[in-house]
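The values are calculated or read from the model by the stated rules, or taken from the named source; none is laboratory data. Source: prediction; values computed, not measured. Heads up, the Cβs are rebuilt from the backbone with ideal geometry, glycines too, and the neighbour counts pull from every protein chain shown.
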Amino acid sequence: MNAGYGPLRIAMWSGPRNLSTAMMRAWENRGDCAVSDEPFYAHYLAETGLDHPAREAVIAAGETDWRKVARALEGPIPQGRPLWYQKHMCHHMLDHIEHGWMDGLRHAFLIRDPAEVVASYLKSRTTVTADDVGLAQEVRLFDEVCDRFGVAPPVIDTDEFLLDPEAGLRALCSSFGIPFVAGMLQWPSGPRDSDGNWAPHWYAAVWNSTGFEPPQPRDIRLDADAARVVDACRPLYEKLQRHRLRMQ
């Protein structure tokens, strides 16, 4: 496929419950973009021993050697597409993983108010920690990308983005020097072959969606432990928010 641009590999970094899967849907629905869903997840689970939903299935189906994952991510783009959108969780980048592969990619970051993240996370899990939210790891990766490239990468605040998804996507595409495609705003409901095999445990809302939905006001009530996680994460969120991409 010759679209007149590319090859371009985009690493989108976020924590959980940050619109990351819906954003992956949008990019996949362009028609010129391959996507990868959390390629370091199997390595993360194998190394940490954490008990996540579908843990053994994720490890069995995925690649647990981070070096092989990294080589693949900077290699040929699947299906000969000009664009490759790689959805990454910041906390999957364990300390021993080297970052040289990141030089061949463009980077962007998704953020969301930590109270919203924690409340959403606790719908699927019984407890949450600051490490689960991933903002500390996200700030470290953001600072590293700034140092590597000499410029701040785009940051998308998802609550602001959902007020005008088209403007947000236009601004994001413009930052990468590629055209906006109207198909990014809507997609067929249901699972995709590109979804990780953990999707049945996490992707119910996205499977039921056909596009970005406007934010809904919610009465968030958290217990003391969850509230402490929010308080610990808020300064990190606010640091990244200062760099958020302005809508056009």
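Hey, any hits in segment 182-200 for a residue that's farther than 17 Å from L110 by Cβ, in contact with a Gly (Cβ under 7 Å, 6 or more places away or on another chain) and of a type in the set (S, T, N, Q)? Yes: one or more hits. Taken residue by residue, segment 45-64 has no member that is among the aliphatic types (A, V, I, L, M), under 15 Å from the mean Cα position of the chain (by Cα) and modelled with pLDDT of 95 or more. The lone criterion from (1) touching a residue at least 60 places away in the same chain (Cβ under 8 Å); (2) closer than 22 Å to A42 by Cα; (3) not in a loop (DSSP other than H, G, I, E, B) left unmet by S175 is number (2).
Look through segment 152-171, keep the residues that are out of contact with any helix residue (DSSP H, G or I) (no Cβ under 9 Å at 6 or more places or on another chain) and aliphatic (A, V, I, L, M), and return whichever of them is farthest from L240 (Cα to Cα). Residue satisfying both the conditions and the ranking: L163. In the condition set (1) buried (at least 21 other Cβ atoms within 10 Å of the Cβ); (2) in contact with a helix residue (DSSP H, G or I) (Cβ under 8 Å, 6 or more places away or on another chain); (3) within 13 Å of L19 (Cα to Cα), H88 is compliant with all but (2).
Scanning segment 1-53 for residues being more than 20 Å from R71 (Cβ to Cβ), buried (at least 21 other Cβ atoms within 10 Å of the Cβ) and of a type in the set (F, W, Y) gives a total of 1. Pairs are defined by a Cβ separation below 7 Å, a sequence spacing of at least 6 or placement on different chains, a first member in segment 226-242 that is closer than 16 Å to T129 by Cα, and a second member that is modelled with pLDDT under 95 and acidic (D, E); the pairs so defined are Y237/D113.
A205 meets the stated requirement of being exposed (fewer than 14 other Cβ atoms within 10 Å of the Cβ), under 17 Å from the mean Cα position of the chain (by Cα) and more than 30 Å from D103 (Cα to Cα). Based on what the data block shows, is A204 free of Cβ contacts under 8 Å to residues at least 40 places away in the same chain, under 25 Å from Q137 (Cβ atoms) and among the small types (G, A, S)? When the stated conditions are applied, A204 does not pass them. With respect to (1) outside any loop (DSSP other than H, G, I, E, B); (2) modelled with pLDDT of 95 or more, the lone exception for S189 is condition (1). Looking at the structure I just gave you, is P200 touching a strand residue (DSSP E or B) at 6+ places or on another chain (Cβ under 8 Å) and either part of a helix (DSSP H, G or I) or of a type outside the set (K, R) (or both)? No, not satisfied.
Only one of the numbered conditions (1) in contact with an Asp or Glu (Cβ under 9 Å, 6 or more places away or on another chain); (2) closer than 26 Å to P7 by Cβ; (3) touching a residue at least 40 places away in the same chain (Cβ under 8 Å) is not met by P153, and that is (1).
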